[in-house]
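S.K.: Below you'll find the structure I mean.
The values are calculated or read from the model by the stated rules, or taken from the named source; none is laboratory data. Here the structure is a predicted model, which means the values were calculated and not measured. Using ideal geometry, Cβ is built from the backbone for each residue, glycine included, and neighbour counts are taken over all protein chains shown.
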Amino acid sequence: MARAYRQTVLLASAMVPELGGLLGRHASSHAGKVRVRGVAQLGAAAALAVPHRQLFQRVAVVPGGSGGSPLAAADEARFAYLTGTVLATLRRTKQRRTLIFIPSYYDFVRVRNWLTVEGFAFAAIHEYSRTSGKEGAPRGGGGG
């Protein structure tokens, strides 16, 4: 009964599916739930002259598959799907100019290292990259 009388506040710059799941499963109150978002502003993508599309894909995760934690199983399933399906398709079709957003820094490092080992030509933009490296064409080796 006490869990219905608690207040949970979750602050994030972007509403990612993991946060939605967290709110849905663990944030309950007798007064209900409130989600507040800022007013969406038109970004640079709206001004593109070339049509573009966003593709979101759901990854099926079997809980506790290897006897480890369900979170570790989800991490492994996402990485296997990205490397085995998404990146394999990009390599096979020679598709260029594709943006892959990875919200977790640890997942980003893992994917960056895998791309380097596999010989992908890519540009990595992250909070530790130099400003001068964020412009221009992708460079081999994954600098950025």
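S.K.: Given (1) part of a helix (DSSP H, G or I); (2) at pLDDT 75 or above, where does Ala12 come up short, assuming only one miss?
M.R.: The single condition Ala12 does not satisfy is (1).
S.K.: Right, something else. Using beta carbons and a limit of 7 Å, which pairs, at least six apart or on different chains, have the first residue in region 58-78 and of a type outside the set (Gly, Ala, Ser) and the second one modelled with pLDDT of 75 or more and assigned to a loop (DSSP other than H, G, I, E, B)?
M.R.: Sorted first by the residue in region 58-78, then by its partner, the pairs are Arg78/Val59.
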